[in-house]
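Since the structure comes first, as structure tokens, the remarks are kept for the end.
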Amino acid sequence: RRDASRLSCRAASPTTRRLATRMMTRMTIASASRAALIVLLSSATPATSLLFSLRSDVPLRPHSRPVASSLAPACGCSITSSQRAALSEPPKHFAPRRGGCPSCCASERDETFEALGIAGGLTAAVVVAYAGLTSLGLDDAVAGNLVLVGLAAVGAYLFFFDGGTTQAALQAVAVQEVADGEGAMMEAAPFEEDASRVGMPAVTVAADASIAAAAFAKDGLVRIDGVIDAAACTELREYVSTRLEESLAKVRAGEAKEDSLFGGVLSRTNRYDLLLPLEPPVSGALSQALGSLSGVVRECVGADAELFELAALVSDPNAPRQPVHPDTPFSDATAVSTAFIALQDIDETMGPTFFLSSTHTKAAHEAFNEGNLRKTTLLRATPRRLGLLKQGDVSLFDSRLLHGGGANESPRRRVLFYFSFKASGARRVPPGSMLRSVRGKHTLQTLEEQKLR
């Protein structure tokens, strides 16, 4: 519940917001209708109510219904029968993982049991309340109406007087459905395996940044290997783990507000955006990385670019997949350049960051935001690249690029040290993930001159 109440995104697309809002509304209406019917049936016969609740449908997930049926109504568009059939066809490259069904099957099974448990508990409460009222001599219809009023009061509390926690939880479920549906569509997209596994050597980029800068401009991202040595990565990883536990403890104890220590991130279950101070070993790792990356960053956003973000993305086991999103809306030039540096080796099971190559363009953003067939075509046809980084490697990307975090299906924690620089004069840029003590105090040029240790 705490994670759900903090659901946020620096630049969630209009399409994602529309889909999430529509899904949340549909689930809310369905739940309210189901509760009302349970009460009406229970006023006639409690046994019928119990059977009804156990046969009620659980919230559908993208893998259990055609993509077209979930996307088209949410976008307010109509789809022809042939288009619906095409969209309903499962991706050809999708297959169960070795060792059993895909992880979504287990999630759906758990979700089904949870829904049945909630329905059973609600039904039991209705039966007990109804039986208690009728035993006091109240008319059956009056007792049923009183139970209905009680359920309405509980619903009103959950939706209007609990600080938005229930609404946020429903929205989180809706956003996750969007993410899972997008993931199913992207399984059919071409996979850039070579670019996902091997990048440019850091020493080469440090000597001549022009080739890396050209790749950044063309694809919206570039991979550079070995920007931080293993010792610095290990030290920083241990520092991040310790600071994460301390920060979580402070938030739980009420000693600090969550937004003072953590940034906003989509799909927050088992995922943290931990803000970092500019002190050792963070400062040392940043200085070492800039030794290789400063030339590329300078060509992309300028020497006067502001240090805009300084944090660590932590993805623990069972962290869900994120929806596809850009970090900033489309603009004519690069607004923010972001570096994701792996503090340990990352394989496919750890939920590596996925990138849709060359989607930092106006045409890609228009297709993605329009939704419906254009978005579906974009996700199924655009080459995708994964951040299968080795320790100390970096994915440097344009903030306009469509990307997201994968689901961590491994038993290991994945930690990315990241920082970004915002171009001077950039507009329409949401606040970045950074401690207030660091915000607005450094530029690329001043950091190079200071030679941080």
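The values are calculated or read from the model by the stated rules, or taken from the named source; none is laboratory data. Bear in mind the structure is a predicted one, so any value in this text is a computation, not a measurement. FYI the Cβ positions are ideal-geometry reconstructions off the backbone, even for glycines, and counts take in every protein chain you see. Quick note on the areas: whole protein, heavy atoms, side chains included, nothing else; ligands and nucleic acids left out. Shrake-Rupley method; radii C 1.70, N 1.55, O 1.52, S 1.80 Å.
If you wrap the Cα atoms of segment 191-449 in a convex hull and average its projected area over all directions, you get 13.1 nm².
In this structure segment 191-449 gives 37 Å² per residue of accessible area when probed at 1.4 Å with all protein chains present. Note on VAL198/PHE160: beta-carbon distance plugged into 1/(1 + (r/R0)^6) with R0 of 45 Å gives a FRET efficiency of 0.25. Using the Cβ-Cβ distance between ARG412 and GLU245 with R0 = 22 Å, the FRET efficiency computed as 1/(1 + (r/R0)^6) comes to roughly 0.85. The overall shape of segment 181-320 is oblate: from the C-alpha gyration tensor, with semi-axes ordered a ≥ b ≥ c, the ratio a/c is 1.5 or greater and a/b is no larger than b/c. Think of each Lys and Arg Cβ as +1 and each Asp and Glu Cβ as -1; about the Cα centre, that makes the dipole of segment 191-449 roughly 800 debye.
Using C-alpha pairs below 8 Å separated by at least 6 residues, the relative contact order for segment 191-449 is 32 percent. Phi-derived couplings, Karplus 6.51 cos²θ - 1.76 cosθ + 1.60 at θ = phi - 60°, listed residue by residue for segment 230-238: 4, 5, 5, 5, 4, 4, 5, 4, 5 Hz, with x used for Gly and Pro. Computed from label points 7 Å out along Cα-Cβ, the spacing between ASP208 and LYS441 is 3.9 nm.
With a Cα cut-off of under 22 Å and a minimum spacing of 8 residues unless on different chains, the lysine pairs in segment 191-449 number 6. Protection proxy ranking of 139-146, 235-242, by the mean of other Cβ atoms within 10 Å over each peptide's residues and highest first, is 235-242, 139-146. Accessible area of segment 306-453 with a 1.4 Å probe: how many percent of it is carbon plus sulfur? Roughly 50 percent of what the probe reaches on segment 306-453 is carbon or sulfur.
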